[in-house]
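**Student:** Following this message is one structure expressed as structure tokens.
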Amino acid sequence: MPRLLPSAAEVREAAVRLRGVAVRTSLRRSAALSELAGGDVFLKLESEQLTGSFKVRGAYNALSQLTPEQRARGVVASSAGNHGLGVAESAKRLGIAATIFVPSNAPLVKKQGIAQRDARVIDDASDYDDAMVRARKFAEETDATFLHPCLGVLLLAGQGTVASEVLDELPSLQTMLVCVGGGGLLGGVGAFLLSDAPHVRVVGVQSERTDAMARAIEAGHVVEIENLPTLADGLAGQIDDDALTIGQATLDSIVTVSEDEIASAIAWLWLAEGIRAEGSGAVCVAALRSGRLSHLTPPVVAIVSGSNIDEQRLRSILNAAG
């Protein structure tokens, strides 16, 4: 069986490759969340990242290791949007042609951002899983490299640099809250913490409408979920056996939040903290504000994974919040 999780050394090697590419994002204490949790809560602001999300970390680390022959044949990715942005940015920097398959309903800000980075955007897929099927087929037909959005040791090592940065600044970390979709961020962060800070509790958070991992963890096997509209579009889609293995290896627990709680967290982050967050990026804060995460040991870090929300959707949420 192929190895799924990166070593701490591979995460550190990724951090070296990412110097001058990925932003070392802020770790900011939230006074309001700290009061609510009864101890220090910090926000790791991947919303400040180069492409508006953490995804560029893994994409660049993986693409930078392609051979000249692989680079010449191009890369293909499927994405809800942020992985596509990370691949497009990385491919442009490395001189690689990129083709990105996204769902037709992917946020416009994400599709435009991919196209602005000179990647080809194909957005006729019905949903996230359909985009992956189409991308894999295209890669086979063109002999291009398919870069999975959530799997691959190099990809996960790049994502794991989020955790290495946190531990550099907050070695007393006790609890890490991670948004969970297909397990890419979780795998990188969780693997690094298992190696370098095994006492840290890793808590996953999903939308109730993107709860493939939560259901699989509970059942002990992959469970297919319905494709429902969600504010947390970056967490949408099914998971596979590899993703479940990652979840079982790295998660101490996992919780879900409602769409209303996500919308409330998006509005609160903007109005109270001045942070622009997309739905996927707000789920950890939504979980903290819901009160369902009791008995967390501080210091707590909640990852705000991305900022790529369409302006119209953000304004609608803020107007509804009054």
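The values are calculated or read from the model by the stated rules, or taken from the named source; none is laboratory data. Fair warning: this is a prediction, and the values are worked out from it, not measured in the lab. Counting neighbours? That spans all protein chains shown, and the Cβs are built from the backbone with ideal geometry, glycine included.
**Student:** Report the residue count in segment 167-204 for those that are within 20 Å of V222 (Cβ to Cβ) and small (G, A, S).
**Tutor:** Final tally of qualifying residues: 7.
**Student:** A further question on this structure: Determine whether E218 is surrounded by fewer than 17 Cβ atoms within 10 Å (Cβ to Cβ), assigned to a helix (DSSP H, G or I) and not β-branched (V, I, T).
**Tutor:** Spelling it out, E218 is indeed surrounded by fewer than 17 Cβ atoms within 10 Å (Cβ to Cβ), assigned to a helix (DSSP H, G or I) and not β-branched (V, I, T).
**Student:** Please tell me if L293 is touching a helix residue (DSSP H, G or I) at 6+ places or on another chain (Cβ under 9 Å), free of Cβ contacts under 8 Å to residues at least 24 places away in the same chain and assigned to a loop (DSSP other than H, G, I, E, B).
**Tutor:** no
**Student:** Starting from residues that are assigned to a helix (DSSP H, G or I) and out of contact with any Ser or Thr (no Cβ under 7 Å at 6 or more places or on another chain), keep the ones in segment 176-194 and report whichever is nearest to L288 (Cα to Cα).
**Tutor:** V189
**Student:** Inside segment 226-255, can you point out the residues that are surrounded by 18 or more Cβ atoms within 10 Å (Cβ to Cβ) and of a type in the set (A, V, I, L, M, F, W, C)?
**Tutor:** L231, A232, L235, A236, I239, A243, L244, I246, L251, I254, V255, listed by residue number.
**Student:** While we're looking at this one, here's another question. Give me the pairs: first residue in segment 311-322 and outside any helix (DSSP H, G or I), second residue surrounded by 12 or more Cβ atoms within 10 Å (Cβ to Cβ), beta-carbon distance under 9 Å, and six or more apart or on different chains, which are they?
**Tutor:** Partner pairs satisfying both residue conditions: G322/A267.
Listed here are the residues, each with its yes/no results for (1) crowded, with 19+ Cβ neighbours inside 10 Å; (2) within 14 Å of the chain's Cα centre (by Cα).
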site: K111; (1), (2): yes, no
site: K137; (1), (2): no, no
site: T142; (1), (2): no, no
site: G152; (1), (2): yes, no
site: L156; (1), (2): yes, yes
site: L186; (1), (2): yes, yes
site: V189; (1), (2): yes, yes
site: P198; (1), (2): no, no
site: R209; (1), (2): yes, no
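Here's the yes/no breakdown for (1) touching a Lys or Arg at 6+ places or on another chain (Cβ under 6 Å); (2) modelled with pLDDT of 95 or more:
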| residue | (1), (2) |
| --- | --- |
| K44 | no, yes |
| L50 | no, no |
| V56 | no, yes |
| N61 | yes, yes |
| Q65 | no, yes |
| A72 | no, yes |
| V75 | no, yes |
| S79 | no, no |
| N82 | yes, yes |
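**Student:** Would you mind finding the one in V76, V11, V21, V56 that is in contact with a Phe, Trp or Tyr (Cβ under 6 Å, 6 or more places away or on another chain) and closer than 21 Å to A139 by Cβ?
**Tutor:** From the options V76, V11, V21, V56, the qualifying one is V76.
**Student:** Still on this model: Residues of segment 253-282 being part of a loop (DSSP other than H, G, I, E, B) and within 18 Å of the chain's Cα centre (by Cα), which ones?
**Tutor:** I275, R276, A277, E278
**Student:** Given S258, S264, S316, S280, which one is within 24 Å of V56 (Cα to Cα) and among the hydroxyl-bearing types (S, T, Y)?
**Tutor:** S280
Table: residues versus (1) in the same structural domain as D123 (by TED's automatic domain parsing); (2) in contact (Cβ under 8 Å) with a residue 40 or more places away in the chain.
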site: V16; (1), (2): no, no
site: L27; (1), (2): no, yes
site: S30; (1), (2): no, yes
site: D40; (1), (2): no, yes
site: L43; (1), (2): no, yes
site: A77; (1), (2): yes, yes
